[in-house]
């Protein structure tokens, strides 16, 4: 794995190593490591998988296996500067999430899992966000947006840089 | 019923925010001090067992009994996993607790670890709860600084480390062995039991997995006593020696078509009607209800004439539902299409099936394809029986899958079609007159796969 340039910086590797004392095995650090890399790079490319595996003493397939199981991680290309998760599960569905998704599609020109051409925004459909009393809702980055309407959605989209 | 003062939610609206100081000002960590100073771990275990507390995560297994399955002479370590992967559609009580009163959860967790001799606890927190993550981490940091966590807690020989572990958007991680696999860094494929986690769990060591609300109950049992806990809820059926009853307070989640959705606390055994009318302000917009989910989407459906169903561990089953689940009630008003409801449910389970067991992986996907076809106006009469055949054959109960995810997928199908069959038949008849009564070959799916 020494061929070419290393992708993960010393800083990222140190951040991952900081998780080591928490677990009796290195494999348990896979999920935290994927989160660290994903947060920095907005995706976890194949090269990063190889480097994480090397750091944790695993074969790359073990890391790749875990990565691909979880719906959260992007691999082939980074998500946009902003990533929003519109909930589509039952409580939000009953209060209009389908219409909100149609509005999002019409306004941004992209659908779930896709990123706008300017790299600004990625749209995702989420399964139950666990904020059903605030339905319909979505997560914009780390912020829960509650009781959405089309107007409120427009305001939120306008506020993103 | 006499007025019930919320206990689990008593400090949720604390104006000072969920700080250690505000928590201690209301008697927080006094139960922990008392237990550590005066009582043995076995005493705490006995209290929880005597209280009759049943796990609040969905299955309702008696918590104290679960703890007794830990091997007695194991050299250790024993691990504790706090299941904070709340993902059942309609459910948000654990989020409310972690965001609003994280120290109550932590005090229960520390007491539970003391009782089970666990020295490391992992809080498996779903990714979708960033505010709960911040609040729980802040509370953990405060606990270390105050000596409630770390080495030699409160000057005793008991030590405990607590770590937050973030999930990555997978419903199956809420299944206890799926959670364990995920915590070990692997795909969250549930394990075949036995061995049960208490004997061989995470990192091949004895492991306890408990729900967040269960921890809040443990704290309150240690603080208020067994008698207080047993004075609430539905006592065991004297004619059934195996019924542990449905005791204690419960957090009910209410959402969907009601005027005031929210998380409400009442003793176990509240009726669906009382929750909707007395707490939720009734069905929204002056409409009538058509149906309600009793305990998260996995538990199925009640018709509006079944709203006297008590939300305890046995009554939903008498009404044909899977169980109490998470006591998350979702109300469907009279305008809702049951076909749309079932499509939404099937979409969820097809997406969340982990893929390990073929009957679940294929069954949930097949059911979704049929619902898509029915919605696209190409449904067949025969599809309804085929859906029921799938629903009756996938899951732990028929014995075809490793975990209960497929049972959860099956119940909405069974209840929706058996309780609202006429509506499904009407939809097929009206949208596809040609297919009515026909069992023609399945139409090409590409045509209806566009969503």
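Look at residue B:251 and say whether it is outside any strand (DSSP E or B), within 14 Å of chain A (Cβ to nearest Cβ) and within 20 Å of the chain's Cα centre (by Cα). Against the criterion (outside any strand (DSSP E or B), within 14 Å of chain A (Cβ to nearest Cβ) and within 20 Å of the chain's Cα centre (by Cα)), residue B:251 does not qualify. Output yes when any residue across segment A:103-123 is surrounded by fewer than 21 Cβ atoms within 10 Å (Cβ to Cβ) and either assigned by TED's automatic domain parsing to the domain that holds residue A:38 or closer than 26 Å to residue B:284 by Cα (or both), and no when none is. Within segment A:103-123 (the criterion being surrounded by fewer than 21 Cβ atoms within 10 Å (Cβ to Cβ) and either assigned by TED's automatic domain parsing to the domain that holds residue A:38 or closer than 26 Å to residue B:284 by Cα (or both)), the answer is yes, since at least one residue qualifies. With the structure loaded, tell me whether residue B:319 is under 14 Å from residue B:415 (Cβ atoms) and free of Cβ contacts under 8 Å to residues at least 60 places away in the same chain or whether it fails that test. Taking the combined requirement at face value, the residue satisfies it. Restricting attention to segment B:58-68, the residues that are in contact (Cβ under 8 Å) with a residue 24 or more places away in the chain and either outside the structural domain of residue B:92 (by TED's automatic domain parsing) or in contact with a helix residue (DSSP H, G or I) (Cβ under 7 Å, 6 or more places away or on another chain) (or both) add up to 2. Give me a count of the residues in segment A:85-102 that are surrounded by 23 or more Cβ atoms within 10 Å (Cβ to Cβ) and away from chain B (no Cβ under 11 Å). Selection size over segment A:85-102: 1.
For segment B:327-343, a residue qualifies if it is closer than 22 Å to residue B:385 by Cβ, surrounded by fewer than 22 Cβ atoms within 10 Å (Cβ to Cβ) and facing another protein chain (nearest Cβ under 9 Å), and exactly one does: B:340. From the list B:36, B:32, B:47, the one residue that fits, being in the same structural domain as residue B:115 (by TED's automatic domain parsing), within 22 Å of residue B:266 (Cα to Cα) and surrounded by 14 or more Cβ atoms within 10 Å (Cβ to Cβ), is B:47.
In this entry, residue B:210 passes the filter for residues that are in a strand (DSSP E or B) and away from chain A (no Cβ under 14 Å). Of all residues in segment A:1-59, exactly one satisfies the criterion of being within 14 Å of another protein chain (Cβ to nearest Cβ), surrounded by fewer than 17 Cβ atoms within 10 Å (Cβ to Cβ), in contact with a helix residue (DSSP H, G or I) (Cβ under 7 Å, 6 or more places away or on another chain) and assigned to a helix (DSSP H, G or I), namely A:20.
Checking each residue in segment A:124-161 for being within 14 Å of chain B (Cβ to nearest Cβ), loosely packed, with under 15 Cβ neighbours inside 10 Å and closer than 12 Å to residue A:83 by Cα picks out A:141, A:142, A:143. For residue B:346, the conditions (1) out of contact with any helix residue (DSSP H, G or I) (no Cβ under 8 Å at 6 or more places or on another chain); (2) within 14 Å of chain A (Cβ to nearest Cβ); (3) part of a helix (DSSP H, G or I); (4) buried (at least 17 other Cβ atoms within 10 Å of the Cβ) all hold with the exception of (1). Of all the helices (runs of 4 or more DSSP H) wholly in segment B:89-201, which have at least 1 residues that are in contact with a helix residue (DSSP H, G or I) (Cβ under 9 Å, 6 or more places away or on another chain) and at the interface with chain A (Cβ under 10 Å from one of its Cβ atoms)? Qualifying helices (runs of 4 or more DSSP H): B:93-100, B:130-146, B:176-183. If you go through segment B:281-291 one residue at a time, do you hit one that is within 12 Å of chain A (Cβ to nearest Cβ), in a strand (DSSP E or B), within 21 Å of the chain's Cα centre (by Cα) and touching a residue at least 24 places away in the same chain (Cβ under 8 Å)? Yes, there is a match, as at least one residue in segment B:281-291 is within 12 Å of chain A (Cβ to nearest Cβ), in a strand (DSSP E or B), within 21 Å of the chain's Cα centre (by Cα) and touching a residue at least 24 places away in the same chain (Cβ under 8 Å). Among the residues of segment B:350-359, the one identified as outside any loop (DSSP other than H, G, I, E, B), within 10 Å of another protein chain (Cβ to nearest Cβ) and in contact with a helix residue (DSSP H, G or I) (Cβ under 7 Å, 6 or more places away or on another chain) is B:352. All of (1) buried (at least 21 other Cβ atoms within 10 Å of the Cβ); (2) more than 7 Å from chain B (Cβ to nearest Cβ); (3) assigned to a helix (DSSP H, G or I) hold for residue A:64 with one exception: (1).
The values are calculated or read from the model by the stated rules, or taken from the named source; none is laboratory data. Only a predicted model underlies this, so the values are computations on that prediction, with no experimental measurement involved. Glycine also receives a Cβ, built like all others from the backbone with ideal geometry; neighbour counts cover every protein chain displayed.
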